[in-house]
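The values are calculated or read from the model by the stated rules, or taken from the named source; none is laboratory data. It should be emphasised that the depicted structure is a prediction, and the values quoted were computed from it without experimental measurement. Because the Cβ atoms are built from the backbone with ideal geometry, glycine has one as well, and the counts that use them run over all protein chains shown.
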Amino acid sequence: MSILSIEFLALVGAVLILYYALPLKIRWIALLAASGVFAALSGWQGAAHLTAAALVAWGGGLALQKHRSRILLAVCLTAEIGAMAFIKLYPLLTGAMLAIPLGLSYFTFQLAGYLIDVYRGKARAASNPLRVLLFAGYFLQLPQGPISTWKELGDQLTEGHRLEPVNIVSGFQRMLWGFFKKLVIADRLAPVTEALLKEEAALPGWFVLGGVVLYAIRLYADFSGGLDLVRGVSRMLGIGLPENFRRPFFAQSVAEYWRRWHITLGAWFRSYVLYPLVTSKAAVRLSRLVSRPLGKKTARALPSALATLLVFLLIGVWHMMSWNAVVFGGYFGLVMAASLLMEPLWKTLQRTLCLPKGGWMRPLRLIRTWILVLIAQYFAFTNSPSQGFSLLRQTFASWDFHRFTELCTGVMPGLEWLIAGIALVILLVVDLICEKKTDLCDGLARARIWLRWPLLIALIIIIAVFGCYGEGFDSAAFVYTQF
Amino acid sequence: MAEATIQQNTGRKRVLAAFWARLVCFALLTLAALWYTAYVLIPKHDYGVCSMMHYYRQPRDTVDVLAVGTSIAYAGINTNVLWEEYGIAAYDLCSAEQPFWVTYYTLQEALKTQTPRVILLDAKPAMYTKDYSKRGRIIMSTFGIRSLDNRLGAIRACLEDPADAMDYLLAFPVLHSEYKKVGLGNFAYPPENGGRGGDWKGFIEEDAVEQHSKPSVVWNNVRRSINAREEEYVRLIFSLAQEKGIPLMLVAMPNPDYANDHMYFNYLWSIAGEYGVTGINYNDPSLRYGLRYSSDFADWQHLNVKGSITFSRKLGEDLKALYDLPDRRGDPAYESWAAAADAWFEKLPTFESSGMITEEIP
C-alpha cells in the first residue's frame, strides 16, 4: 500500500478516529491493528518476516537483560541482520527474485539497535512481544523510516496520547508539506533523471550538470517529502518521530551534510558501528602503532578515518547493493576520512591566512560542499560506475547552448518547467525560514486563522492541481521505499 | 484540588469544542474551494458536460420535451426551431457517444427536477458494441451530474474495473492535468456554454457542409442483437419512463451512414415494443420532409445547421401530432426559451463558428 494512495489516507482517517475513541491506556492497540493491516496489505511474506524478526528481538531482549552475553547478542544480531543480508544478496547471487519485505532495512536496524541498547543497559527489554512488534512495524515508519531507537519511540507508541489540537494542526500541515514536496516537486523532476540516463551520449555539459543538481533536489524532495508526510500523521496521533532531514543543502561541509541528510541512518551507524569501532582495542592499538611515524594528531585521527571509510562503504552498499554503491560510499568515505586526517593542516592554514569562520567563507564552503556532494550523485542514479564516470566526463566536455530550448522542452513542456521553478522557489523560501526558525509547522499551527487557513487551502489546491498523480502523469514510487 | 480539576476539565472541553468547530468550518471551506477548482478544470467543451451543468438552471417542471442521447441528437434536435415554430419547450440533454448506460443515469438525474411530457431517446447507441468505455468524452460528460448516486452509477457503468471509479468520483486524479488548457472562460460560473449564453437549451450546431448521398438500405425487418449491456440499460430506461408515467419516443436520427444501423434499430424497436414504446425512424425512405443528403450534413452522421432546421420542423410537427404539447410562447415562465431562440436566429445568417473549444477529447 502506497502512502500516497487513497487507501492509505482512509486508513489514517480510521486510525485517527479509533485511536482517540479508545480509552487512553489501550490506544496503542489501534496503532498495532493499523500496522497489522498496513503490513498485511503490503505483502504477507513481509508481514511474516517482520513478525518473526520482532519475536527474535523480543526473546533476545529478554534473554540479554538476564544474561549480558556477547555471544547471545552476536547470535541475535546475526539472525536479524543475516536475514536482511540474505534477502538483499539472494537476487545478486542467484539471479532469482525474492519478495523484499516493506521497510526491511528500517525495521531490521531498529530491532538490532534495540538489542544492542538492551545489551548495553541503555534500554529495558519489553516483556510484551506486541510492544516490540509495534516498535518494529509501526505503519508510519515502515515504508521509509525514520530509524528510531527504542528510547525515542518504544514508550511513546504505547503510552497513549490525549487529543491536542496543536498536534492535529501541526501534523496536518507537515503532511501537506510532504505531499507538496513529493507530488509537486519530486515527481515533476523525475523525467529529468530519465533523460540523463536515456541520452547520455549526446548531452552537453550544462544539461548533465543541471540534471544532476535537479536529481539531488528531487531525491531530497522525494525522501524528505515522504518523511514529512508520515511524521505529520504521526504527530496527529501525538507521536513524535525523529527528524531525518535538516535542510542538507545548506551544509557547510560534507560531514555536516551527513549530519543533516538521513539523520537517523547516520545516527544509527554512528552509535552502533562507528563508535564501537573507534573505541575498540584494535583501534587503540593501531593508533599507538602509527603515532611515532605519523605523529600524534594523525595517529589519533587514523582509526576514526578508517572507521568512517568503512561506515560509508556500508551506507553505500545499504543504499544500492551494486558497484555504484561501492563508488558512492567509498567516495564519501574517502572525502570524510581525508577531511578528518587533514583537519590539523586546514586549521593551521586557516590561522596563517587569517581566513574568517563566517562572512565570505560561508558561501564558498557551501559551494565546495555542493560540488563534493554532487560528484557522488553521478553514481547514485546511474546504472553502473562507468555510466557515472561517463556523465562526469561529459559535464566538462561541451557547454554548447544552441540546443537549450530543444533539450529542455524535450524533457518536459515549458509550463511544467515553470511550475517546477515556482515550486522550487517555494521550497527554498520555506527551508530558509526553517533554517532561521526551527519549526515552521508549529509556528504556523499557532498563527491566526486568517493567515493560516488561506495558506493551507492554497497548498491543498496546489497539490490537487499541480501534483503529479492520476491520469497524464506517471506517479513515481518513493525512491527510498525499496530499502 | 477537586475544583481545580473540574475547572481544568471544563477549560479543556471548551478548547476541544472550539477546535472541532474550527475544524468543521475549515473542512467546509476546503471542500468548497476544491469543488470550485474541479469546476474550473472540467473542460467546458461541446461534448456534453455543459448541457448537464446547465440543465439544473432550468426552472422546475418547465421542460416539455427532453431529448437524451448522443451528439447526433444534440446536433439535430434544434430546440430553437421547436420553440420558434411550435412553441415547444425542449431541452437537449445529450453528450457525445453517450451509451445507454450513461443515458440511464442522466435520465434518472434529469427527472428529479423536471417532469417532461415526452422523452425523446436517441436510438444510435443500439449499434455501439463496447461493453465499457473509459473514453474521456463519455465519462467526462458525467461530471456535470450533481447527485452522488447517479454520478457514481454512471461512472461505474462506464468502467470495467470498479476500483477506477474512485478516481473519477473524486475528479481530481483524472481532471487535474487539464490545468494546461484552462482559460479565463473556465472560471465563469455558470458555464458560458461555449458563448451561447445562459438561456441555451442544449442544441449544439454543426456548421460545416459535407456532401453525402442517401443511404442505400434494404428496408427489411431483419434484426441484429444489440450489445448485451446496451440492451440491459435501454430496458432500464424504458422501465424508468414507465415507472414515472412519462411517454418515451425512440428517435432514429437521419444519418448518411444509416445502412450500418438498420438491423440494430430493428432489434431496438422490438424491445421497445415489449414496453409499449413507439418511435420514429427518420431514415425511413417513405418519410419525405425535404432533407437533402447533399447539403444538410456536417459530416458522415451529424446534421448541420440547415439540416437541423429541416429535421426539427418535421420533428415538431410529429411531436405536436402525437403528444399533448402546449404552445408555451408568450408564457413568462418560458422567457428563456424565447430568448435562446431569438439569440440563435439572430446569429443564424452569419453562422460560421460556434465559438466552442473544438479540440479532440480522447
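The table below gives the values:
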read-out: Of all residues in the stretch B:52-72 being touching an Asp or Glu at 6+ places or on another chain (Cβ under 6 Å) and closer than 16 Å to B:GLY144 by Cα, the one that is nearest to the other protein chains (Cβ to nearest Cβ); value: B:THR70
read-out: Residue within the stretch B:76-99 that is part of a loop (DSSP other than H, G, I, E, B), crowded, with 19+ Cβ neighbours inside 10 Å and of a type in the set (Phe, Trp, Tyr) present; value: no
read-out: Residue satisfying condition, being at pLDDT below 85 and charged (D, E, K, R), within set A:ARG393, A:ARG403, A:ARG368; value: A:ARG403
read-out: Residue within the stretch B:125-134 that is hydroxyl-bearing (Ser, Thr, Tyr) and touching a Ser or Thr at 6+ places or on another chain (Cβ under 7 Å) present; value: no
read-out: Output for the stretch B:97-137, where each listed residue is of a type in the set (A, V, I, L, M, F, W, C) and without any contact (Cβ under 8 Å) to a residue 60 or more places away in the chain; value: B:VAL102, B:ALA110
read-out: All positions within the stretch A:237-255 that are touching a residue at least 24 places away in the same chain (Cβ under 8 Å) and within 19 Å of A:ILE147 (Cα to Cα); value: A:LEU237, A:GLY238, A:ILE239, A:GLY240, A:LEU241, A:PRO242, A:GLU243, A:ASN244, A:PHE245, A:ARG247, A:PRO248
read-out: Some residue of the stretch B:140-158 being free of Cβ contacts under 8 Å to residues at least 40 places away in the same chain, within 12 Å of chain A (Cβ to nearest Cβ), out of contact with any His (no Cβ under 8 Å at 6 or more places or on another chain) and surrounded by fewer than 18 Cβ atoms within 10 Å (Cβ to Cβ); value: no
read-out: Pairs, first modelled with pLDDT under 85 and among the acidic types (Asp, Glu) in the stretch A:439-461, second surrounded by 17 or more Cβ atoms within 10 Å (Cβ to Cβ) and part of a helix (DSSP H, G or I), C-beta under 6 Å, six or more apart; value: A:ASP442/A:SER170
read-out: Helices (runs of 4 or more DSSP H) within the stretch A:297-408 that include 2 or more residues small (Gly, Ala, Ser) and not assigned by TED's automatic domain parsing to the domain that holds A:ILE217; value: A:323-341, A:385-395
read-out: Matching residues, the stretch B:173-206, being within 14 Å of chain A (Cβ to nearest Cβ), outside any loop (DSSP other than H, G, I, E, B) and over 22 Å from the mean Cα position of the chain (by Cα); value: B:PRO173, B:HIS176, B:SER177, B:TYR179, B:LYS180, B:LYS181
read-out: Unique residue being outside the structural domain of A:VAL169 (by TED's automatic domain parsing) and in contact with a Phe, Trp or Tyr (Cβ under 7 Å, 6 or more places away or on another chain) when the list is A:GLY266, A:GLY232; value: A:GLY266
read-out: The stretch B:267-286 residues that are under 16 Å from B:TRP219 (Cβ atoms) and assigned by TED's automatic domain parsing to the domain that holds B:GLY316, paired with ones that are part of a helix (DSSP H, G or I) and hydroxyl-bearing (Ser, Thr, Tyr) (beta carbon under 6 Å, 6 or more apart); value: B:ASN283/B:TYR258
read-out: Those residues of the stretch B:88-110 which are more than 12 Å from the chain's Cα centre (by Cα) and modelled with pLDDT under 95, in sequence order; value: B:TRP101
read-out: Count of the stretch A:6-50 residues which are of a type in the set (Lys, Arg) and surrounded by fewer than 20 Cβ atoms within 10 Å (Cβ to Cβ); value: 1
read-out: Complete set of residues in the stretch A:418-467 that are more than 9 Å from every other protein chain (Cβ to nearest Cβ) and outside any helix (DSSP H, G or I); value: A:LYS437, A:THR438, A:ASP439, A:ARG446, A:ALA447, A:ARG448
read-out: Given (1) more than 14 Å from every other protein chain (Cβ to nearest Cβ); (2) at pLDDT below 90; (3) assigned to a helix (DSSP H, G or I), number of the condition B:ASP46 does not satisfy; value: (3)
read-out: The stretch B:282-341, residues that are under 15 Å from B:LYS214 (Cα atoms), among the aliphatic types (A, V, I, L, M) and assigned to a loop (DSSP other than H, G, I, E, B); value: B:LEU287, B:LEU291, B:ALA298
read-out: Residue selected from the stretch B:13-41 under the condition hydrophobic (A, V, I, L, M, F, W, C), under 30 Å from B:GLY183 (Cα atoms) and at the interface with chain A (Cβ under 8 Å from one of its Cβ atoms), by the criterion nearest to the chain's Cα centre (by Cα); value: B:LEU41
read-out: Test: residue in the stretch B:260-276 that is surrounded by 19 or more Cβ atoms within 10 Å (Cβ to Cβ) and part of a strand (DSSP E or B); value: no
read-out: Qualifying residue in the stretch A:325-344 (condition: of a type in the set (Phe, Trp, Tyr), farther than 30 Å from A:ALA458 by Cα and either within 14 Å of chain B (Cβ to nearest Cβ) or out of contact with any Gly (no Cβ under 9 Å at 6 or more places or on another chain) (or both)); value: no
read-out: Pick from the stretch B:100-136, criterion in contact with a strand residue (DSSP E or B) (Cβ under 7 Å, 6 or more places away or on another chain) and of a type in the set (A, V, I, L, M), ranking: surrounded by the most Cβ atoms within 10 Å (Cβ to Cβ); value: B:ALA123
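Residue-by-condition table, conditions (1) part of a helix (DSSP H, G or I); (2) within 30 Å of A:ARG120 (Cα to Cα):
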position	(1), (2)
A:GLY210	yes, no
A:VAL213	yes, no
A:ALA221	yes, no
A:GLY232	yes, no
A:PHE245	no, yes
A:GLU256	yes, yes
A:GLY266	yes, yes
A:TYR272	yes, yes
A:SER291	yes, no
